[in-house]
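Chemist: Before I ask anything, let me first share the structure, which is written out below as structure tokens.
No lab work stands behind these numbers, since they all come straight from the coordinates. On a predicted model such as this, the values are computed, not experimentally measured, just so you know. Cβ placement follows ideal geometry from the backbone for every residue including glycine, while neighbour counts extend to all protein chains displayed.
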2 protein chains.
Amino acid sequence: MSYETSTSPAHSTQWNLVSRPSGEPTSANVEKVTIELPALAEGEVRVANKFLSVDPYMRGRMNEGRSYVPPFPLGEAMTGAAVGHVVESRTEALAVGDTVQHQFGWRDVAQGPASAFRPAPRIPGVPLSLYLSVLGITGITAWVGLTQIAKIREGDVVFVSGAAGGVGTMVGQIARLKGASRVIGSAGSPEKVALLTEKYGFDAAFNYKDGDVIGQLEKAAPDGVDVYFDNVGGEHLEAALNSMNDGGRIAVCGAISAYNSSGEEKGVRFLGNIVTRGLTITGFTMTNYGHFAPQFAVDMTTWLTEGRIVFDETIVNGIDHAFDAFTGMMRGDNIGKMIVKV
Amino acid sequence: MSYETSTSPAHSTQWNLVSRPSGEPTSANVEKVTIELPALAEGEVRVANKFLSVDPYMRGRMNEGRSYVPPFPLGEAMTGAAVGHVVESRTEALAVGDTVQHQFGWRDVAQGPASAFRPAPRIPGVPLSLYLSVLGITGITAWVGLTQIAKIREGDVVFVSGAAGGVGTMVGQIARLKGASRVIGSAGSPEKVALLTEKYGFDAAFNYKDGDVIGQLEKAAPDGVDVYFDNVGGEHLEAALNSMNDGGRIAVCGAISAYNSSGEEKGVRFLGNIVTRGLTITGFTMTNYGHFAPQFAVDMTTWLTEGRIVFDETIVNGIDHAFDAFTGMMRGDNIGKMIVKV
């Protein structure tokens, strides 16, 4: 395997946020620019990115308001998870050729202090892009939500919305591996619904675009739901609240359907069940749960090497199409993790 | 002190539920009847009730639907907390003159197996009616919600809705005793608001009937809210969600304002903050937390004997007015715990 050799001056093609979207982001909100990179300072590395991640939470960062991560500054390159090879190094910590994961996505060449780049050890038979999904934030989000937030127990009935997405497919599989008695998912197309039961081992799945999410979940969960992993909010959360069993636990991981709503927010009904059924609803972002990474890595590496995890990736080729990949992911075009291959 | 002597046959005046209310309960839904009591069986006691409790949760029991406690059966006396003296006993466990607490409220004379009656030891200087409030379900609900559900920490800013009610006034005081840095309450009249800051030691209070609950809470909590004790739901929950700090905890204890709504339910907005701020919302009823009673009793008896707890009772005289006491409590006529003195 050969790696690019650094040329001087080096350039990076990157995506800047130039205005804050109102509703759905459009190409008018971003700009692709190629900049000349400064020479490396002592202690820094330069990395040729191989894969970039586009994720729902980035939509939140495009807004000005308070969120769990600060807004993307205007006029600068956006950030996000990425994995690549070191092509130049002015630190003992990392050598040219090392594989690293980091947060300088949305560009083809990244550079910065060595401390911002973590080694991404190659696992035989496992593609490097999995550091952006199964082995990365997607996998650990599913794992933390189920084990630490929803405190999954053997025999639980588990429901996950957005089930065909990167996190959703992991939630379904981890739930099964942790002893769930029944795993139910919702998705937005007949193809995705079929994939859930045929490939990902879900016991039941339904298409929320067919309407009556409440009724569809009732039918899919005749014995109620013990754990709901919420990727969606809105009507899905109402359906879950309606079907939850006593002592049920809801882990709220995102609310894609609300991110784009700039108008009047629609409220969520059935919150009275929180009291009558003794439910717990907990929101979480990985910001506060990074310390579970080692414990997660043990579980996931074991499952991957035992062949007990399947996954899908939707790969969009070229840094030029990174924004298309993002908007496509927000529309739900992807199956499994949406990845940009540089 | 003298106790009534049992006459045979004994009678009990009791309140039966005869139809299920739609919306606000009216006198057409209940019937006051006087029945002849059967002679005591072996192992039973007869108790002359002295004080009866009327509580918001009883409204839920008047409905047919699933709730955290089964519905009141139609055509039978309703139940609820009560305290009284044993007037006749066919068990070694309890003697005539013993003071007991139990669940056969809504009547002036109760009888049943000794196991259904728990001793209510007299504490010098503490009125017997406090077993229905500070020392009873009201006090332990506040204590459990703050210490076990919301996991209050020293320095927390605590907000409680329905603050002038039985549970609310306890929440404010226990929050302070557990080290809250700021205690905020909402209530439904200027008199109640004044009582909160002047008598119960709240740092700030506002009248939710003045409108703009969201804005009023923002003003009362310039540094945000860490713990919200929710007695109300609806717009108060929205206001809390809007003002919660990162890692905030919401204990949901009831939703009085929703109990009477038989029409289309209004949804709650701002649930997106559950994720962005990493909030936890937990519903609870005392059904699952009774095992904390001994721990609670130590705290509360200590505070009472040290004079660190103040309380209000609104006492309605006579079994004949028990239903008026209940509807008045639901309307918010009471200050502190609503009690029926038999």
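Chemist: Find how many whole Å separate the alpha carbon centroid of segment B:132-172 from the alpha carbon centroid of segment B:44-96.
Modeler: Measuring centre to centre over Cα atoms gives 24 Å.
Chemist: Pairs to check: A:Lys32/A:Lys266; A:Lys209/B:Lys266; A:Lys337/B:Lys151; B:Lys151/B:Lys199; B:Lys151/B:Lys337; B:Lys178/B:Lys209. Give those whose C-alpha atoms are more than 28 Å from each other in this structure.
Modeler: A:Lys32/A:Lys266; A:Lys337/B:Lys151; B:Lys178/B:Lys209
Chemist: Let's see if you can work this out: charge +1 on each Lys and Arg Cβ, -1 on each Asp and Glu Cβ, no other charges. What is the dipole magnitude of segment B:104-156 about its Cα centre, in debye to the nearest 20?
Modeler: So the magnitude is around 120 debye.
Chemist: Per q in 0.06, 0.10 1/Å, what log10 I(q)/I(0) does a Debye calculation on the alpha-carbon atoms of the protein assembly as shown return?
Modeler: For the protein assembly as shown, the Cα-only Debye profile gives -0.43, -0.97.
Chemist: Name the residue from B:Asn207, B:Leu195, B:Tyr228 whose Cα lies farthest towards the positive end of the charge dipole of chain B, charges +1 on Cβ of Lys and Arg and -1 on Cβ of Asp and Glu.
Modeler: It is B:Tyr228, whose Cα lies furthest towards the positive end.
Chemist: Next question. Neighbouring Cβ atoms within 10 Å as the yardstick, rank A:Met338, A:Met78 fewest first.
Modeler: A:Met78, A:Met338
Chemist: Would you be so kind as to identify which of B:Leu304, B:Gln111, B:Val275 lies farthest towards the positive end of the dipole of chain B, taking Lys and Arg as +1 and Asp and Glu as -1 on Cβ and the Cα centre as origin?
Modeler: Result: B:Val275, furthest along the dipole toward the positive end.
Chemist: For a bin width of 10 Å, list the pair-distance distribution of segment B:116-183 built from all Cα-Cα distances, rounded to whole %.
Modeler: Result, from short to long distances: 21, 46, 25, 8, 0 percent.
Chemist: A follow-up question, please. Please pull out the direction-averaged projected area of segment B:108-234, using the convex hull of its alpha-carbon atoms, in nm² to one decimal place.
Modeler: For the Cα atoms of segment B:108-234, the hull's average projected area reads 10.0 nm².
Chemist: How big is chain B by the Kirkwood estimate over distinct Cα pairs, in Å?
Modeler: 20.9 Å
Chemist: Also: Hey, what number do you get for the protein assembly as shown at 222 nm if only DSSP H runs of n ≥ 4 count, each worth -39500 (n - 2.57), divided across all residues, to the nearest 500?
Modeler: Using -39500 (n - 2.57) per qualifying helix, the result is -6500 deg cm²/dmol.
Chemist: Need one number: % antiparallel among DSSP beta bridges in the protein assembly as shown, to the nearest 5.
Modeler: Bridges in the protein assembly as shown that DSSP calls antiparallel: roughly 55 percent.
Chemist: Give me the one-decimal nm value for the distance between modelled label points at A:Lys266 and A:Lys151, 7 Å along each residue's Cα-to-Cβ direction.
Modeler: In this crude label model, A:Lys266 to A:Lys151 measures out at 3.3 nm.
Chemist: Subtracting the Cα-Cα distance from 0.36 nm times the residue separation, let me have the gained length for B:Asn317 to B:His291 in nm, one decimal.
Modeler: Working: separation 26, 0.36 × 26 = 9.36 nm, distance 3.29 nm.
Full extension from B:Asn317 to B:His291 adds 6.1 nm.
Chemist: Starting from the Cα of A:Glu76, step 7 Å along the direction of its Cβ; do the same at A:Ala93; then give the gap between the two resulting points in nm.
Modeler: Between A:Glu76 and A:Ala93, the label points sit 1.9 nm apart.
Chemist: Dipole magnitude of segment B:31-169 about its Cα centre, charges +1 at Lys/Arg Cβ and -1 at Asp/Glu Cβ only, in debye to the nearest 20? The partial results should precede the final answer.
Modeler: Working: 12 positive and 13 negative charges, 73 e Å.
Taking the Cα centre of segment B:31-169 as origin, the dipole is about 360 debye.
Chemist: Okay, next question. What is the angle, in °, between the Cα long axis of helix B:293-305 and the longest principal axis of the Cα atoms in chain B? Nearest 10 is fine, range 0 to 90.
Modeler: Between the helix axis and the principal axis of chain B, the angle is about 80 degrees.
Chemist: Given DSSP loops and a limit of at most 12 other Cβ atoms within 10 Å, what is the longest stretch of chain B that contains no such GluC sites (Glu not before Pro)? Present the calculation step by step, with values, prior to reporting the outcome.
Modeler: Values: sites that count: B:Glu42, B:Glu64, B:Glu92, B:Glu154, B:Glu264, B:Glu306.
It runs B:155-263.
Chemist: Where the only charges are on Cβ atoms (+1 Lys, Arg; -1 Asp, Glu), what is the dipole of segment B:60-110 about its Cα centre, to the nearest 20 debye? Mind showing how you got there, number by number?
Modeler: Working: 4 positive and 6 negative charges, 45 e Å.
Here segment B:60-110 has a charge dipole of around 220 debye.
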